[in-house]
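What follows is a single structure, written as structure tokens, with notes after it.
The values are calculated or read from the model by the stated rules, or taken from the named source; none is laboratory data. Everything numeric here is computed off the predicted structure, so don't read it as measured data. Here the Cβ positions follow ideal geometry from the backbone for every residue, glycine too, while neighbour counts run over all protein chains shown.
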Amino acid sequence: MVPRERIELSRSQASRDFESRASTSSAIWASSIRPNLLDLNSKDSRGIETLQYFTEEIGSNKIRVRLSQMISEDSEVALQNLSALLTEAQEIFFDFKGVQGINSLGIRAWVVFIRKLKDKKTYYEECPPVIINQINMISNFRGSSEILSFYTNYVCSCQKNKSLLILKESLKNAEGKYDVPQAPQCPCGKETMETEEIEDEYLAFLNP
């Protein structure tokens, strides 16, 4: 016959083991859902983080704003806060290099935002294709902003691709208009690369 003391000890040990397993299970469950809750607050339905910005003073009353991630309906508050930060600035340079996408509601939010800055000098820098496409389709997207530089994607039949940053001013000809940028030679050495987008449509903003 098993002594009562040993039975009680076994029950106590079993209870402690159960509580330990329950505690561990709760910790695992909590850690597994916590990233998802954070993602819901910081990312859109495609998993891209919502609009982020970083400002830096580059001169007297001059500010550069580096934008990144996604411009969407979730960007309205961020753009309102950004607008408040730019009250005293006279010249603003928007760097779009980090922007990964923009949806229809994001376009509307940006148009409302840039309209508030109509009395300031504004410039667009390092515009990726996703931004250039909006500039070409929606006149209000740029407002009165001057485009300083933009990216053009090039492809080759060998499947290689390249993205080049082009300074708009470097394309200006003697007549004051802008030439089409010269396509680069493919690293494969076989042929000249072509623009990934339809060239005439993509570069329409150069000579509107």
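Take segment 50-104 and flag every residue that is out of contact with any strand residue (DSSP E or B) (no Cβ under 9 Å at 6 or more places or on another chain) and either buried (at least 19 other Cβ atoms within 10 Å of the Cβ) or within 22 Å of residue 135 (Cβ to Cβ) (or both).
Residues satisfying the conditions are 73, 76, 83, 104.
Test residue 100 against the criterion of being of a type in the set (S, T, N, Q) and in contact with a helix residue (DSSP H, G or I) (Cβ under 9 Å, 6 or more places away or on another chain), and give yes or no. Step through it out loud before you land on a result.
Working: of a type in the set (S, T, N, Q): yes; in contact with a helix residue (DSSP H, G or I) (Cβ under 9 Å, 6 or more places away or on another chain): yes.
Yes, satisfied.
For segment 138-154, give me each residue that is of a type in the set (A, V, I, L, M, F, W, C) and surrounded by fewer than 15 Cβ atoms within 10 Å (Cβ to Cβ).
Filtering segment 138-154 down to residues of a type in the set (A, V, I, L, M, F, W, C) leaves 138, 141, 147-148, 150.
Across segment 138-154, the qualifying residue is only 138.
Answer yes or no: is there a residue in segment 185-207 that is of a type in the set (A, V, I, L, M) and under 26 Å from residue 64 (Cβ atoms).
So the first thing to find is which residues in segment 185-207 are of a type in the set (A, V, I, L, M), and the list is 193, 198, 203-204, 206.
Okay, now just the ones that are also under 26 Å from residue 64 (Cβ atoms), so 203, 206.
Taking every residue of segment 185-207 in turn, at least one turns out to be of a type in the set (A, V, I, L, M) and under 26 Å from residue 64 (Cβ atoms).
Quick check on residue 168: is it surrounded by 13 or more Cβ atoms within 10 Å (Cβ to Cβ) and in contact (Cβ under 8 Å) with a residue 24 or more places away in the chain?
On the way: surrounded by 13 or more Cβ atoms within 10 Å (Cβ to Cβ): yes; in contact (Cβ under 8 Å) with a residue 24 or more places away in the chain: yes.
Spelling it out, residue 168 is indeed surrounded by 13 or more Cβ atoms within 10 Å (Cβ to Cβ) and in contact (Cβ under 8 Å) with a residue 24 or more places away in the chain.
Kindly indicate whether any position in segment 104-114 is in a helix (DSSP H, G or I), basic (Lys, Arg) and at pLDDT 95 or above. Spell out the reasoning first.
Taking segment 104-114 first, the residues in a helix (DSSP H, G or I) are 104-114.
If we keep only those that are basic (Lys, Arg) as well, we get 108.
With at pLDDT 95 or above added as a condition, the list becomes 108.
Checked against the condition, which is being in a helix (DSSP H, G or I), basic (Lys, Arg) and at pLDDT 95 or above, segment 104-114 yields at least one hit.
Which count do you get for residues in segment 108-137 that are surrounded by 18 or more Cβ atoms within 10 Å (Cβ to Cβ), within 24 Å of residue 197 (Cβ to Cβ) and of a type in the set (A, V, I, L, M, F, W, C)?
The total comes to 6.
Tell me which residues, restricted to segment 93-110, are under 14 Å from residue 143 (Cβ atoms) and not aromatic (Phe, Trp, Tyr).
107, 108, 109
Being more than 26 Å from residue 154 (Cβ to Cβ) and of a type in the set (A, V, I, L, M, F, W, C) is true for just one of 102, 135, 131, 114. Which residue is that? Spell out the reasoning first.
Working: 102 fails: more than 26 Å from residue 154 (Cβ to Cβ); 135 fails: more than 26 Å from residue 154 (Cβ to Cβ); 131 fails: more than 26 Å from residue 154 (Cβ to Cβ).
Of 102, 135, 131, 114, the one residue that is more than 26 Å from residue 154 (Cβ to Cβ) and of a type in the set (A, V, I, L, M, F, W, C) is 114.
Looking at residue 81, is it outside any strand (DSSP E or B), among the polar types (S, T, N, Q) and farther than 26 Å from residue 199 by Cα?
Spelling it out, residue 81 is indeed outside any strand (DSSP E or B), among the polar types (S, T, N, Q) and farther than 26 Å from residue 199 by Cα.
Using the structure shown, decide if residue 145 is touching a helix residue (DSSP H, G or I) at 6+ places or on another chain (Cβ under 8 Å), within 23 Å of residue 118 (Cα to Cα) and polar (S, T, N, Q). Write out each step before concluding.
On the way: touching a helix residue (DSSP H, G or I) at 6+ places or on another chain (Cβ under 8 Å): yes; within 23 Å of residue 118 (Cα to Cα): yes; polar (S, T, N, Q): yes.
Criteria met by residue 145.
Specify the residue that is modelled with the highest pLDDT; the eligible residues are those in segment 120-163 that are assigned to a loop (DSSP other than H, G, I, E, B) and small (Gly, Ala, Ser).
145
Return the only residue of 187, 129 being farther than 23 Å from residue 62 by Cα and in contact (Cβ under 8 Å) with a residue 40 or more places away in the chain. Reasoning before the result, please.
Working: 187 fails: in contact (Cβ under 8 Å) with a residue 40 or more places away in the chain.
Matching residue, one of 187, 129: 129.
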